[in-house]
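Below is one structure; the comments refer to it alone.
The values are calculated or read from the model by the stated rules, or taken from the named source; none is laboratory data. Quantities reported herein were computed from a predicted structural model and do not represent experimental measurements. Accessible surface areas use protein heavy atoms only, side chains included; no ligands, DNA or RNA. Shrake-Rupley method; radii C 1.70, N 1.55, O 1.52, S 1.80 Å.
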Amino acid sequence: MDAPLYAIPLNDIKGNSLSLEVFQGKVLLIVNVASKCGLTPQYETLEKIYEQYKSKGFEVLGFPANEFLAQEPGSNAEILEFCEMKFGIKFPMFSKIVVKGDNIHPLYQHLTTTLPTATKNSVSDFEQRLEGFGQKRNKPEDILWNFEKFLVSRTGQIIARFAPDVKPDDPLLISAIEKALA
């Protein structure tokens, strides 16, 4: 199936050109990541769910971004080393990109336009807490913070979006992954 998502040009974290077409037929969890964030420990759980479901056609794709209080300041090489050494990351990582604002990468433009609202935990006050620190979205569809997650079907359709504080092993997210894999 021809999905616009697959045609968007990207670079892996080592600078090699590719597109998401290489992942066609797999369920994808696309996540904007950062190494110096309070949510950085989510890397560990992302790797665990990747290992748990990869044999069923599941991929976690990490996209470093530095838009949130400069919490991803390193070079691609430094980010890769951090991820491998600190968390044993084996899932695919991509070159640092912009996930909101004037220079938003076409991937994130497509993701946020297609699915402008994220699923939150029912008791989440994460966005209000961020606003208390002066961190407010310019547009409702903007990525809120590091570790926002997009679930993509095997046919390239964006089927779910999860707020940054929905942890990778949250039953809400696991249920959506398992349904997509079924």
Along the stretch 7-22, Karplus-curve 3J(HN,Hα) (6.51, -1.76, 1.60; θ = phi - 60°) to the nearest Hz, with x for Gly and Pro, reads 8, 6, x, 9, 10, 6, 5, 8, x, 6, 6, 6, 9, 6, 4, 5
Can you pull the percent of the stretch 1-160's accessible area that's carbon plus sulfur, 1.4 Å probe, other chains left in place? 51 percent
Springs between alpha-carbon atoms under 10 Å, Gaussian network over the chain: tell me which of Gln71, Gln135, Gln109 tops the mean-square fluctuations. Gln135
Solvent exposure of the stretch 61-143 as accessible area per residue, Å², 1.4 Å probe: 56 Å²
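State which entries of Lys14/Lys136; Lys96/Lys136; Lys14/Lys56; Lys14/Lys167 exceed 30 angstrom in Cα-Cα distance in the structure shown. Show your work: numbers first, answer last.
Working: Lys14/Lys136 32 Å; Lys96/Lys136 22 Å; Lys14/Lys56 26 Å; Lys14/Lys167 27 Å.
The answer is Lys14/Lys136.
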Write down the percent of antiparallel bridges among all DSSP beta bridges whose residues are both part of the chain, to the nearest 5. 55 percent
Given H placed on each backbone N at 1.01 Å, which residues far from Ile13 in sequence or on other chains put an amide H within less than 5 Å of it? Met93, Phe94, Ser95
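Per residue Cα convex hull volume for the stretch 122-161, in cubic angstrom? Walk me through the numbers on the way to the answer.
Numbers: hull volume 3.6 nm³, N = 40.
For the stretch 122-161, the hull spanned by Cα atoms encloses 89 Å³ per residue.
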What would the Debye formula give as log10 I(q)/I(0) at q = 0.13, 0.14, 0.15 Å⁻¹ for the alpha-carbon point model of the stretch 1-159, no solvent? -0.60, -0.70, -0.81
